[in-house]
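What follows is one structure encoded as structure tokens, with my remarks underneath.
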Amino acid sequence: MMHVDSAESAGSRLGAVLSAPRTGVVRLSPAGPWLVTTHADARRVLTEPHLFDFPGDVTRSGDLSGSTGESRSGHTVFAPLAPDQVARGVLTFERELATALDTHDRTRPAEPYDAMVLLRQPVARSTTAAVLGQLDEARRDRVAALVLDWIDALAPVISARRPPGRWRRTRRTEKAARYALEDELAPLIGPEDTPAQVATLLAAGIQVPIAAGAWLLAWLGQHETGDLDPTYAVWETLRLTPPTWITARLTTEEVELTGARVPAGRVVLVSPLLLGRSDDLVPGDDHDRGTFDPDRWQDGLQRPGAWLPFGAGPHACPGRTLGTAQLVHLARWGVDRTIALSENVSIDQSRGILPSPCRFTASRREIP
Ligand code: HEM
């Protein structure tokens with residue numbers, strides 16, 4: 001059987017964060033960054049913005065919401081999506097996922113699905129419909145395609161080892177894609193929003209759920225789907241492989257956290273992926289917290305989500321209800337099927353975490 005690489009055995013930044021001692025705040029290198037390892041410190045960092053400022057472009061960890069560089073001030077606060085926006089987004093996701101599956105089955109029946117491809121259109125159109133409201137479909141699809149273009153153009157900028165110079169080709173391509181999107185958005189939005197803010201909202205709300213959905217399918221491909229609860233499957237995915245696995249803030253003054261004082265002007269990291277392995281937040285034994293086991297949430301003694309996969313405080317995710325609903329629909333589709341991975345899945349750390357490759361076949365389960 002194919003397998004999904006574990007974050008525990010991954011190298012690079014992911015490995016460094018997961019192997020840090022979990023005793024309080026840890027300095028990862030002499031000048032920082034500092035990593036918080038307790039839930040209490042993580043909450044403080046995210047909910048006390050006067051001490052821990054939201055940086056414009058410091059982690060470049062791949063989360064669009066934190067790394068769109070020039071396009072945002074770093075201080076925009078997004079209101080959570082309203083229930084009618086979420087409802088429209090979910091309906092669109094259900095329709096568009098059915099269409100994407102059908103198109104694949106008709107045109108390439110012999111090929112496995114590629115999760116990162118399969119989910120692009122459904123998520124992009126769903127989030128666009130939710131954010132922009134009633135639009136004719138051609139317009140909605142044009143905006144969704146432009147957001148995907150911008151996300152694709154941002155990828156090499158985000159994953160570059162050093163920030164590419166302003167005039168480098170990757171930067172110019174990214175800028176052109178962003179301007180094309182903003183031009184399309186300008187006549188569609190109200191006076192209280194700017195095209196740049198709405199572009200950021202759309203990009204964050206499309207890139208991250210695509211990655212989360214692909215991880216969900218990867219994990220379902222590793223597990224007997226039969227009696228799985230789709231909601232718990234979603235929480236387990238957001239625990240083991242939260243796409244925004246790390247986020248950063250900058251200290252505005254010297255701050256005392258558990259175990260150490262962090263000087264002013266230092267980067268402090270919060271990692272939902274690390275917190276999702278804590279014995280005080282997650283049921284199970286130390287050796288099994290690295291495995292996908294949705295049933296661990298069944299007894300209801302601990303609350304899923306305490307590891308902050310949607311952040312917390314003023315910059316918490318405004319799209320969490322929509323993101324969760326998209327994933328639960330996908331999980332319902334998945335648990336009705338036998339999902340088989342076509343290849344082993346590795347962890348791509350170039351922007352957030354992505355499953356790569358993530359190809360699979362799906363067949364309807366026989367109901368006995
Ligand atoms: C499963 C899906 C999703 C996950 C796991 C997720 C995760 C997150 C996390 C952890 C943050 C906080 C980052 C930080 O503190 O630095 C965040 C912020 C954000 N998310 Fe999501 N998100 C998801 C879906 C969405 C959707 C559907 C939208 C839009 C419709 C969205 C829009 C945003 C925006 C705009 C921010 C930035 C908020 C700010 O900086 O004030 N996200 N998300």
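Structure values in brief
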| quantity | calculated |
| --- | --- |
| Qualifying position, being buried (at least 22 other Cβ atoms within 10 Å of the Cβ) and more than 25 Å from Q222 (Cβ to Cβ), among G319, G276 | G319 |
| Residue among R125, R120, R139, R172 that alone is of a type in the set (D, E, K, R) and modelled with pLDDT under 95 | R172 |
| Which numbered condition L217 fails, given (1) crowded, with 19+ Cβ neighbours inside 10 Å; (2) under 22 Å from V345 (Cα atoms); (3) touching an Asp or Glu at 6+ places or on another chain (Cβ under 9 Å) | (3) |
| Considering residues of the stretch 333-368 that are within 26 Å of S159 (Cα to Cα) and of a type in the set (D, E) only, the residue surrounded by the fewest Cβ atoms within 10 Å (Cβ to Cβ) | E343 |
| 1 or more residues near the ligand (Cβ under 10 Å from one of its atoms) and in contact (Cβ under 8 Å) with a residue 24 or more places away in the chain: qualifying strands (runs of 3 or more DSSP E) within the stretch 214-327 | 247-251, 267-270 |
| Of all residues making up the stretch 16-42, the number that are within 21 Å of G311 (Cα to Cα) and touching a helix residue (DSSP H, G or I) at 6+ places or on another chain (Cβ under 8 Å) | 11 |
| Those residues of the stretch 9-27 which are touching a residue at least 40 places away in the same chain (Cβ under 8 Å) and either part of a loop (DSSP other than H, G, I, E, B) or surrounded by fewer than 15 Cβ atoms within 10 Å (Cβ to Cβ) (or both), in sequence order | A10, S12, A20, R22, T23, G24, R27 |
| Pairs where the first residue, in the stretch 178-195, is at positive phi and the second is outside any helix (DSSP H, G or I) and open to solvent by 40 Å² or more (accessible area, probe 1.4 Å), C-beta under 7 Å, 6+ apart | none |
| Residue within the stretch 257-266 that is open to solvent by less than 10 Å² (accessible area, probe 1.4 Å) and β-branched (V, I, T) present | yes |
| Matching residues, the stretch 328-348, being out of contact with any strand residue (DSSP E or B) (no Cβ under 9 Å at 6 or more places or on another chain) and within 16 Å of the ligand (Cβ to nearest atom) | V328, H329, L330, A331, R332 |
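The values are calculated or read from the model by the stated rules, or taken from the named source; none is laboratory data. These numbers come from a predicted model, not from an experiment. Methodologically, a virtual Cβ is constructed for each residue, glycine included, from the backbone with ideal geometry; neighbour enumeration extends over all protein chains shown. What goes into the accessible areas is simple: the full protein's heavy atoms, side chains included, and nothing from ligands, DNA or RNA. Shrake-Rupley method; radii C 1.70, N 1.55, O 1.52, S 1.80 Å.
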